[in-house]
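These notes concern the structure reproduced below.
The values are calculated or read from the model by the stated rules, or taken from the named source; none is laboratory data. Everything numeric in this text was worked out from a predicted model, so none of it was measured. The area values use the complete protein model at the heavy-atom level, side chains included, leaving out ligands, DNA and RNA. Shrake-Rupley method; radii C 1.70, N 1.55, O 1.52, S 1.80 Å.
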Amino acid sequence: GPIAPDAVAPGAVPPPAFAAHHFRLRQGDTDLQGSGGCLVERRGERTDLWLLAPGASIVANVPADGLVLRSVHELRGALLGRTTADLRVVGWPVELVTERRGDTITARAPHVRQLGPSSLRLEPVPDDRPAALWSGLPDDARLPQLHGTGRTRDGDAYDVEVRGPRIDVHHAGGHAAVLDAEGAGTLLPTVTARLERPDQDQPTLVSCRAQRVRLLPHVLPPAVRQLHTGRKRSVLDDVGFASPGNPWLLLEQVADFQLDDPKEGHLDGTCERLLVSQGGRAALFVGNAEAMAPAVVRRVHSGRDITMEGARVRVLQGTDDQLLAMGSFADRDTFLPPKVTLHELGKNGLLSHMQATCHGSIEVRNDGVNFLGPVRSLGLKPEGDVDPEGLRIDARELRMTRNLRTGDVVKVLAKGVILDWPRMAARTAELEIDLERQRCLAKDPNGAEITVPGWPTFRSPEVDFHYPTMTLRAPRLRAVQDAPAPSLGGRDR
């Protein structure tokens, strides 16, 4: 060519002859060409390349890898045989397109740098580059981004986009890659995904912001998992389900996660770590063990608004076992009591709005809620305040069952119970509240104690109380002087 790349000052207008000069390089099936300057230096087994195209006209094709590189202004690197090393690429922005097995991945970034033999880093405008080089770059092109389309092994069509201040791409063997995006200060990477399933009219939508985002092609072996998570144990070890052949999304310091599915409703949450698989069909939210801060997950579906808090919260879509809040961290001997807040939207039934804290796991299913340990629950108003007229239950065991057709809570079954309610107070071994029949049934071989306002405290092995009419039926009923102890610290709570 008429002039070498190093003879043109950064940001300066090159001579016309330089801009008009055309070059082309070929090695095997790799073809690279552009207009500008081309400097090739061979030193033993190493060949150094320096290409500069003022019009960002450099294009490279690597058919064997299904790769196309476009819109390149400057390229520096070396060839060691057929291996690329020390690659640095600058463009407006650089565009890398890969097509393999029907999947298309397009990466765009102002600056691309090689990290290792099989790793690339997509970066924003480098701090050491002259501002004049990027004066015409659109705002939405100043940050790296990666866009992928294709189909999962289940036949679902996907469309995923990742944006962030830094995105690393690591080849994981075969056609698989690990994507790793990390935030810088207050600027966090974002992920948006659209999944279209053959059995659904509307797509599943996912969006999230986190300090670090990793997209894994599958569940990696322990050694590789430790390399990419930095932990001997990780969130992957906490998962009780598998998804071979489908991508996994691993996030840290999650500021916001949103999922909308036409069948499963809306899901959002915040946590320290999050693992999402199968296009959102399964997820595990993990809280912060150091700060003892729980993961918080909210689900709105079928007229119910449920918020789960716990050390770990597991979500399974499309199964009966849907939400599970756990109090333990997988790698810590600490316990964070899980909590559930339930709102039956547009309803004002006895248990349509309530909150409960448990010293075991909390399991929310289509047919009800199971508290797998001692629990305290209290009634709420629809707007979330404590309802002074609501039920308060302190129990060793508690289960709430739903009508599968209407979704309404229809029955409460408890053991080792203290009930505190303006209409009735009770201390009993077993308690059943039938909301459809509007009755409370207390059983205790040692005598269930029942107090109704204005009445003395009664004791009987079995008490049937119809609360709308304040009617009480019991065999061997006798009055006692001592009233049941306050169940939850009194009505001032």
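Grab the Cα-Cα distance for residue 27 and residue 161, subtract it from 0.36 nm times how many residues apart they are, and report the gain in nm with one decimal. Walk me through the numbers on the way to the answer.
On the way: separation 134, 0.36 × 134 = 48.24 nm, distance 3.25 nm.
In short, 45.0 nm is gained.
Would you list, by chain and number, the lysines whose Cα falls below 20 Å from the Cα of residue 347, excluding same-chain residues fewer than 8 positions away?
381, 411
Residue separation times 0.36 nm, minus the C-alpha to C-alpha distance between residue 100 and residue 57: what's the value?
Using 0.36 nm per residue and subtracting the Cα-Cα distance, I get 13.0 nm.
Would you mind classifying the stretch 35-96 by shape? Square roots of the alpha carbon gyration tensor eigenvalues, ordered a ≥ b ≥ c; an a/c under 1.5 is rounded, otherwise it is prolate if a/b is larger than b/c and oblate if not.
On the way: a/c = 2.24, a/b = 1.29, b/c = 1.74.
In terms of gyration-tensor shape, oblate.
May I ask you to compute the full-extension gain from residue 42 to residue 151, defined as 0.36 nm times their residue separation minus their alpha-carbon distance, rounded to one decimal in nm?
Length gained, residue 42 through residue 151: 34.9 nm.
By its C-alpha gyration tensor, with a ≥ b ≥ c as the square roots of the eigenvalues, how is the stretch 429-477 shaped: rounded for a/c under 1.5, else prolate for a/b larger than b/c, else oblate?
Note, shape of the stretch 429-477 comes out oblate.
Carbon and sulfur: what percent of the stretch 62-148's accessible surface (1.4 Å probe)?
Working: 2150 of 4270 Å².
Carbon and sulfur atoms account for 50 percent of the accessible area of the stretch 62-148.
Which value, in Å², gives the accessible area per residue of the stretch 257-361 when a 1.4 Å probe is used on the protein heavy atoms?
Numbers: 3690 Å² over 105 residues.
Value for the stretch 257-361: 35 Å² per residue.
In straight Cα distance, which aspartates and glutamates are under 12 Å from residue 415, not counting same-chain residues fewer than 8 positions off?
394, 397, 430, 432, 444
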